[in-house]
Amino acid sequence: MKKSTYLLFALALVIFIVALYIYRKSFKEILVYTDLINKSHHVISGFEQLSNDLKAAQLYSSKVDTLPGGVNEIYKRKADSISADILRLRENVIDSLNKKRLDTIVIKVNRQLMWIRKSDVHDSMLANRAPSEMAELVAIQNLIDSSLKRAKVVLGDRRNGLESALSLNNIYILAFRVFSLIILFFTIVLVFIHARQKEKNRAFLDSILNSSQNGIISYKAIRKKGVIVDFKIVYANDAIREHTQLASAELVGKTIMEVSPQSKTNGVFEKFCQVTESNRKLRYEVTSGKNTYDVLLARFSDGVTASFFNITEMRKSGEDLKKKIQELEQSNYELEQYAYVASHDLQEPLRKIRIFGGLIRDKSGAQLDAGTRIYLQRLIDAAERMTTLINELLKFSRLFKPEKQFVQINLNEVLNNVLKDFDLMIQEKNVQIKSSTLPTIEANPLHMNQLFYNLIHNALKFSDIKEQPLLQISSRQLEPDEVIKHETLDKRHQYYEIVFKDNGIGFRPEFASQIFEIFKRLNEQHIYPGSGIGLSLCKKIILNHHGIIWAKGEEKEGASFHIILPAAQPNPSA
């Protein structure tokens with residue numbers, strides 16, 4: 001179900017609980033008012049009964065000889081019921097004003113009952129005897145009458161409260177019905193929307209599956225007594241026609257035994273059962289005619305979905321690729337032979353040019369005119385530069401077949417060794433070197449030496465003579481969120497960033513990537529001599545160590561080279 005359905009269900013549940021709580025509260029209030037009204041009726045009848053019984057007591061005490069004996073006995077019983085009347089009133093009177101009046105009535109009645117039983121009330125009234133007692137009887141009757149009036153007022157208030165509670169209860173019921181109708185309406189709308197969305201999703205899924213080049217078939221297990229005996233096809237996409245020569249509509253509804261009776265003998269049926277029972281994916285290859293298929297089985301409900309991919313062309317391409325690799329290996333071997341020739345045979349003529357040119361310059365230089373001496377020197381310089389270029393090219397070519405001897409190496413030791421090689425140049429240019437503690441990483445010692453040598457030589461060569469030359473070498477460990485920013489780095493490994501920053505002549509920012517290209521030069525050869533391969537070597541070394549390198553610079557403001565290297569070389573098999 002979708003989130004909106006859960007929300008609607010939760011809203012309906014909340015409304016139901018609130019409505020139930022309000023209804024129960026209202027029902028209890030109705031019961032309370034009903035009980036209070038019943039009590040009011042009992043109070044009114046109780047006061048009336050008390051008044052009648054008190055009058056009966058007065059009549060019983062009078063010597064009225066004309067009354068029949070049976071009637072006189074009735075008055076006696078009513079007089080004896082006064083105590084019971086008072087007890088019932090105490091149980092039912094809740095109103096505070098009537099409670100006080102009842103207490104006063106009880107005191108006065110108890111006091112008068114003794115006088116009534118001993119005196120003839122009728123004679124006393126006629127002879128005007130005991131006027132205070134007579135006044136007391138009148139006061140009792142007045143209190144009873146006042147209490148009756150108060151009880152009737154309270155009864156009216158309670159009836160009004162009951163009617164209000166009933167009206168409010170009806171309003172709650174009506175509101176609950178309205179909310180129920182609204183929720184029902186929205187539920188119907190949501191069901192309709194979800195049904196349409198489900199239909200769209202189904203059409204979209206069919207579109208995706210039918211656009212796939214893979215043949216896809218879904219099977220449902222047919223069981224007898226819990227044991228799988230066959231599989232029924234419940235779905236097949238359009239691409240399946242290419243593999244079975246049957247349309248998807250022709251396949252749906254059939255069983256695997258009908259389509260492929262040999263499934264039980266070739267092990268396919270067993271694989272289907274294994275995936276259905278174990279919920280594990282299974283991949284295998286099957287050959288049909290001239291084609292080879294890669295089949296992936298995955299559990300689908302109580303069944304399996306099979307995806308068929310024709311790998312015939314891929315296999316053919318794989319064979320072609322093997323041939324190309326063999327040809328490439330042969331080509332690499334020939335290139336190695338060329339490199340050997342370049343390092344030995346080609347350098348020998350250059351060595352003779354340098355030697356004999358130097359002999360001519362030293363022995364016969366005085367006999368040559370100025371122009372010839374210049375040409376001769378240029379010839380010697382060109383031969384030396386050509387020798388340097390060949391040596392640098394050989395170094396660069398070796399990096400395409402990198403050495404895999406990675407060991408733990410302390411970069412501080414590498415830095416110290418390289419700085420010793422540049423002692424004279426550092427003193428001549430008065431360069432200040434500042435370095436923080438560098439890490440120990442897994443790397444190729446020779447390559448790290450080449451890397452530091454080229455970067456430091458680059459900084460010293462392009463130092464600015466107008467100010468105090470400065471080279472700062474710093475290092476820090478990268479945080480995991482910093483590693484993520486670089487797509488080519490393996491997020492599972494630890495990395496260090498090493499920065500070589502100088503205040504030399506720098507370069508324009510737009511040339512930041514070009515300086516790593518082989519033979520790319522930004523300055524004139526006669527001012528800043530070099531082969532143009534040094535930074536290319538640095539980049540290749542970094543790539544061989546699964547790291548990255550980039551440069552930043554501003555013209556006449558210096559340059560910085562940023563290197564990121566892993567603490568340990570990634571395992572190719574991981």
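The values are calculated or read from the model by the stated rules, or taken from the named source; none is laboratory data. Note that the structure is predicted; figures quoted are calculated from it, not measured. Cβ atoms come from the backbone with ideal geometry, glycine included; neighbour counts cover every protein chain shown.
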Assuming F309 fulfils every condition listed in (1) modelled with pLDDT of 75 or more; (2) aromatic (F, W, Y); (3) outside any strand (DSSP E or B) apart from one, which condition is it?
(3)
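Please go through the stretch 433-452 and give me each residue that is within 20 Å of I505 (Cβ to Cβ) and not hydrophobic (A, V, I, L, M, F, W, C), ordered by number.
Start the filter on the stretch 433-452 by keeping residues that are within 20 Å of I505 (Cβ to Cβ), which leaves 433-434.
K434, the sole residue that qualifies.
For L20, are the conditions met, namely being at pLDDT 80 or above and loosely packed, with under 13 Cβ neighbours inside 10 Å?
Values: at pLDDT 80 or above: no; loosely packed, with under 13 Cβ neighbours inside 10 Å: yes.
Answer is no for this residue.
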Please verify whether L379 is under 30 Å from N454 (Cα atoms), assigned to a helix (DSSP H, G or I), modelled with pLDDT under 75 and not small (G, A, S), treating the condition exactly as stated.
no
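Given the structure, is L451 in the same structural domain as C538 (by TED's automatic domain parsing), in contact with a Leu (Cβ under 9 Å, 6 or more places away or on another chain), crowded, with 17+ Cβ neighbours inside 10 Å and not hydroxyl-bearing (S, T, Y)?
Values: in the same structural domain as C538 (by TED's automatic domain parsing): yes; in contact with a Leu (Cβ under 9 Å, 6 or more places away or on another chain): yes; crowded, with 17+ Cβ neighbours inside 10 Å: yes; not hydroxyl-bearing (S, T, Y): yes.
Answer is yes for this residue.
Is the stretch 159-182 home to any residue that is closer than 16 Å to L97 by Cα and without any contact (Cβ under 8 Å) to a residue 40 or more places away in the chain?
At the first step, the residues of the stretch 159-182 found to be closer than 16 Å to L97 by Cα are none.
So far as the stretch 159-182 goes, no, none of its residues is closer than 16 Å to L97 by Cα and without any contact (Cβ under 8 Å) to a residue 40 or more places away in the chain.
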Testing G253 on (1) within 27 Å of E313 (Cβ to Cβ); (2) at pLDDT 70 or above; (3) part of a loop (DSSP other than H, G, I, E, B), one condition comes back false. Which one is that?
(1)
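Given the criteria over 16 Å from Q432 (Cβ atoms), surrounded by 14 or more Cβ atoms within 10 Å (Cβ to Cβ) and modelled with pLDDT of 90 or more, does Y496 qualify? Give the steps one after another, and end with the answer.
Values: over 16 Å from Q432 (Cβ atoms): yes; surrounded by 14 or more Cβ atoms within 10 Å (Cβ to Cβ): yes; modelled with pLDDT of 90 or more: yes.
When the stated conditions are applied, Y496 passes them.
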Test set (1) closer than 21 Å to A568 by Cβ; (2) part of a loop (DSSP other than H, G, I, E, B) - F452 fails condition number:
(2)
Quickly run through the stretch 456-500 and pick out the residues that are over 24 Å from M425 (Cα atoms) and part of a loop (DSSP other than H, G, I, E, B).
L478, E479, K485, H486, E487, T488, L489, D490, K491, R492, H493, Q494
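Please pick out the residue among I473, I527 that is at pLDDT 65 or above and of a type in the set (V, I, T).
On the way: I527 fails: at pLDDT 65 or above.
Testing whether each residue is at pLDDT 65 or above and of a type in the set (V, I, T) leaves just I473.
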